[in-house]
Amino acid sequence: MNANCVLAIACCLLATTASSAQPGGAGDQERLQRLLDRVPLPEAYYIESDLIGMSGPTDGQVTSRFKTWIGSNWSVSFQSMPQPGIGDVPKSYIYASPAETWRYHLDRQVAERNEVFAQRSFTPAEGLISVSYIVRALRRGEAKVFDITDHAEDGTVTVTLSQPALYPRATLTFETATGFLTQVQAYDQSGKNLQTDDHFGDWRFLSDESAIPFILFSESIHRGEHFQWRSVVTKAELIDNDRPPARIPIASNFTIIDHVEGVTKRADGSVIGPIEQGTPNSTVTAGRAPGTTGLSSRTVMLIGIGFILLAGVILGVRRWKGV
């Protein structure tokens, strides 16, 4: 074999190796969209769900309850937390649309306004109780598809991709026969370290031909610690996609942190002053800027919510004991 042949073979091998590490072409992008279109989600629906802890002091306990209205391009949710001896205590309210996103921290009398939903197409609450946010965000067409593999042995299709607002890298599993999205495994930027493992099960059809998963099991891994919980839908019904709920008024004792205008306001809209340095933007914890490294948006959100829920349970126990 002469030197030219050896060089040609080496170039082919290098090209093959490089192409395997690069995002797929237009065909893979089109197939991803077809897979997303096959997921039989309703255009809009309302659910009530319980978030149940599966480790530590919250094992087997309902740590949060959600009432959520989910549309094709909007989302509204209300979260409350059961407190021993008190009942359900309001925690947060999120109103998200392409125009603006509001989050009311009902326990702190603070409301935040930003444009997170317009930028990312999902809210923190949706990530705990549904699969719709994944489909909605991926339909934006911003994902980079690395691989699509058919598995005849178990009737599934797996898609490995990255999407800046959702995952540095993730593998999605679809059922071939039903179109159901049944699992999402999210990794860090290297694609080697698993950060979250979500399973969407007990898919049930509603009053039309659409269906939703009634059980979401989630596990997140952070520095060797595992956080587990499941979300169980207790009520589901179809609603009108063209008639989202109106945003509830802000109470007079609330302070508004307006990240769109960069100012802090009173509830009546009058400006107090610029946003102070270091003021947390809690709504944005569900995502991170494209190109950054570190934990995925999903991991940050789940770990943050996990700590919040644990703190709520501890607070409730203290109140119950009279401490």
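The label point for Gln109 and the one for Ala251, both projected 7 Å from the Cα toward the Cβ, are 0.8 nm apart.
Computed from the Cβ-Cβ distance with R0 of 51 Å, the FRET efficiency linking Val260 to Ala177 stands at 0.70.
Of the trypsin sites (Lys or Arg not before Pro) found in the stretch 109-168, those in coil by DSSP whose Cβ has at most 14 other Cβ atoms within 10 Å are Arg140. Could you name the aspartates and glutamates whose alpha carbon sits less than 15 Å from that of Lys265, not counting residues in the same chain fewer than 8 places away? Those aspartates and glutamates meeting the cut-off are Glu112, Glu276.
Taking only protein heavy atoms and a 1.4 Å probe, the accessible area of the stretch 98-223 is 47% carbon and sulfur.
Computed over protein heavy atoms with a 1.4 Å probe, the accessible surface of the stretch 65-157 works out to 36 Å² per residue. Two numbers describe the Cα atoms of the stretch 82-153: Rg and Dmax, which are 17.3, 54 Å.
Using R0 = 25 Å, the C-beta based FRET efficiency linking Asp268 and Asp88 works out to 0.30. Can you tell me which lysines have their Cα less than 22 Å from the Cα of Lys67? Leave out same-chain residues fewer than eight positions away. Within the straight-line cut-off, Lys67 pairs with Lys91, Lys235.
Under the combined filter of DSSP loop state and at most 10 neighbouring Cβ atoms within 10 Å, the stretch 223-258 retains these trypsin sites (Lys or Arg not before Pro): Arg223.
Label-to-label distance, Leu238 versus His151, with points set 7 angstrom from Cα along the beta-carbon direction: 3.2 nm. Cβ-Cβ distance of Val62 and Ala26, R₀ of 35 Å, FRET efficiency by 1/(1 + (r/R0)^6): the value works out to about 0.15. Here the label points at Glu276 and Asp202, each 7 Å from Cα along the C-beta direction, are separated by 4.4 nm in the simple model.
The values are calculated or read from the model by the stated rules, or taken from the named source; none is laboratory data. These figures come from a predicted structure and were not determined experimentally. Counting neighbours? That spans all protein chains shown, and the Cβs are built from the backbone with ideal geometry, glycine included. Protein only, heavy atoms only, side chains kept; ligands, DNA and RNA dropped before computing areas. Shrake-Rupley method; radii C 1.70, N 1.55, O 1.52, S 1.80 Å.
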